[in-house]
Structures are given as structure tokens and as C-alpha cells.
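Novice: I have a structure I would like to understand better, so I am pasting it below and will then ask my questions one at a time.
Laboratory data are not the source of any read-out in this text; all were calculated from the coordinates shown. Note that the coordinates shown come from a computational prediction; the quantities given were computed from them, not determined experimentally. Here the Cβ positions follow ideal geometry from the backbone for every residue, glycine too, while neighbour counts run over all protein chains shown.
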Amino acid sequence: MPSKLKRVAVDPLSENNPITIQVLGICSALAVTVKMDTAVVMSICLTAVLALSNLTISLLRRAIPTRIRMIVEVSIIATLVILADQLLRAFAYDISRQLTVFVGLIITNCIVMGRAEAFALQNPPLPSLVDGLANGLGYSGVLLAVATMREVLGSGTWFGWRVLPEAYPGNGLMLLAPGAFLALGLIIWAQRTLSGHVEND
């Protein structure tokens with residue numbers, strides 16, 4: 001794998017993670033992480049939309065007029081999100097109901113729009129596809145880590161299976177929004193400490 005393509009594939013997983021470094025897309029990281037199953041489905045949906053929208057926009061980049069590029073990008077992303085939502089309703093209706101509006105809100109997710117603008121419009125299809133997959137996986141890793149902390153500490157279960165003793169009373173804070181902020185904050189702190197990331201003034 002060429003070094004440039006390798007960097008595109010690896011950077012979003014750690015050094016330039018969309019959540020822990022760029023602090024993008026945290027709304028869904030807080031909203032759908034009470035249980036692992038909803039976090040997994042959300043991760044799959046966003047990764048698929050991000051990769052396919054990047055690929056499509058890259059393939060069309062020379063034909064998209066500059067003045068209406070954002071309208072075209074939103075249209076492509078919206079089409080993919082609607083497709084993902086319909087597939088969920090058809091094959092995983094219960095989880096679709098639990099996710100409520102959050103799959104639809106992928107349309108406005110700044111990670112998806114940001115990668116379309118910053119990368120897919122300027123690069124060939126293969127690097128754009130890899131960039132979409134890598135950013136989706138970087139997002140998914142953080143989402144699943146937050147969901148693990150919240151479900152295990154909040155309910156004593158993981159994917160619905162009990163992993164802590166029956167006597168464990170559960171930590172209600174972890175099932176509420178402040179618990180999500182706490183879990184995400186700890187993950188951001190740990191990742192930035194390990195990577196040596198320093199904010200520029």
C-alpha cells in the first residue's frame with residue numbers, strides 16, 4: 001500500500017480521529033450509546049454512508065458545478081441515509097425504532113459533510129473510499145468504547161448479556177446524558193494523552 005494511502009487509512013483511527021481529536025459527531029456518540037446493539041447499528045450505518053458518499057462524490061467531482069456542490073453533496077448523502085433507514089426498517093425494525101431520528105440525522109453529521117468537502121472533492125475514488133471507511137471506523141471505535149462503558153457500568157450487561165454479578169445495582173448516572181459526557185471525556189483524555197496530541201493556540 002502506498003504511503004499516502006496508508007496514511008489516509010490509519011490517521012482517522014488515532015492521530016486524527018473524528019471524535020477524539022476533531023471533536024465532530026459527538027451528538028450521536030452521546031445519544032445512541034446506552035446499549036451496544038444500537039451503537040453497533042449506528043456505527044455500521046454511518047460508516048457505510050460515509051464510505052459510499054465519499055466514493056460517489058469523488059466519482060462525480062469533475063462534473064459537479066462549484067456553486068451547487070453542497071446541494072449535490074447533501075442530496076447524495078440524503079439518498080444513502082434514506083436507503084440505510086429503509087433497510088433498517090425492513091430487516092431490523094426493533095433497533096430502527098430505538099434509534100428513532102438518529103439515523104436520519106446522519107445527513108447533518110459534520111463528519112460526513114466534512115470528509116465530502118475536505119477530501120472527496122479533491123481526490124480520486126480509491127483514496128476517497130478508504131478515507132470514508134477509515135473515518136467511519138475511527139468514529140465507530142469511539143462510539144463502541146463509550147457504549148461499552150455505559151452499558152457495563154450502567155446495567156451490568158454487555159450486548160444484553162450479564163457481565164457483572166446479579167447483586168450489582170447498576171449506576172443510573174451512566175444511563176443518562178451526564179454519564180455519556182463522562183465516558184466520552186475520559187476516552188478523549190486517554191486518547192490524546194497516549195497520542196501526545198497538543199491543541200494549537
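Novice: Can you give the three extents of the C-alpha atoms in the stretch 1-120 along their principal axes, from longest to shortest, in whole Å?
Specialist: The Cα atoms of the stretch 1-120 stretch 41, 31, 25 Å along the principal axes, largest first.
Novice: What helices does the chain hold that run 20 Å or longer along their axis, going by alpha-carbon atoms, with a Kyte-Doolittle average of 1.0 or more, using DSSP H for the helix calls?
Specialist: Taking the DSSP H segments of the chain (at least 20 Å long, mean hydropathy at least 1.0), we get 36-60, 69-91, 177-195.
Novice: Please work out the C-alpha center-to-center distance from the stretch 32-82 to the stretch 131-201 and express it in whole Å.
Specialist: Answer, in whole Å: 24.
Novice: Oh, and also: Stick to the Cα atoms of the stretch 11-194, pair each with every other, and give me the Kirkwood hydrodynamic radius in Å at one decimal.
Specialist: On the way: mean 1/r = 0.0589 Å⁻¹.
This gives a value of 17.0 Å.
Novice: Testing the spin-label approximation: label points 7 Å from Cα along Cα→Cβ at Glu15 and Thr66. State their distance in nm.
Specialist: For the pair Glu15/Thr66, the computed spacing is 3.1 nm.
Novice: Extent of the stretch 101-201 along each principal axis, from alpha carbon coordinates, in Å, largest to smallest?
Specialist: Rounded to whole Å, the extents work out to 56, 35, 21 Å.
Novice: Could you calculate the contour length gain from Lys6 to Asp94, that is, 0.36 nm times the residue separation minus the distance between their Cα atoms, to one decimal place in nm?
Specialist: 27.9 nm
Novice: Which order do Lys35, Lys6 fall in if you start with the one that has the fewest other Cβ atoms within 10 Å?
Specialist: Lys6, Lys35
Novice: Can I ask one more? Please tell me the relative contact order of the stretch 11-194 in percent, rounded to the nearest whole number, where contacts are Cα pairs under 8 Å and at least six residues apart.
Specialist: Contact order relative to length: 37 percent.
Novice: Could you work out the longest stretch of the chain that avoids the GluC sites (Glu not before Pro) located in DSSP loops with at most 10 other Cβ atoms within 10 Å? Don't skip to the answer; put the middle values down first.
Specialist: Details: sites that count: Glu166, Glu199.
Maximal segment without exposed cleavage sites: 1-165.
Novice: Quick check on the exposure proxy: order Ser195, Ser58, Ser53 from fewest to most C-beta atoms within 10 angstrom.
Specialist: Ser195, Ser58, Ser53
Novice: Moving to a separate point now. Given a Förster radius of 41 Å and the C-beta distance between Thr157 and Val23 as r, what FRET efficiency does 1/(1 + (r/R0)^6) yield to the nearest 0.05?
Specialist: E between Thr157 and Val23, to the nearest 0.05, is 0.90.
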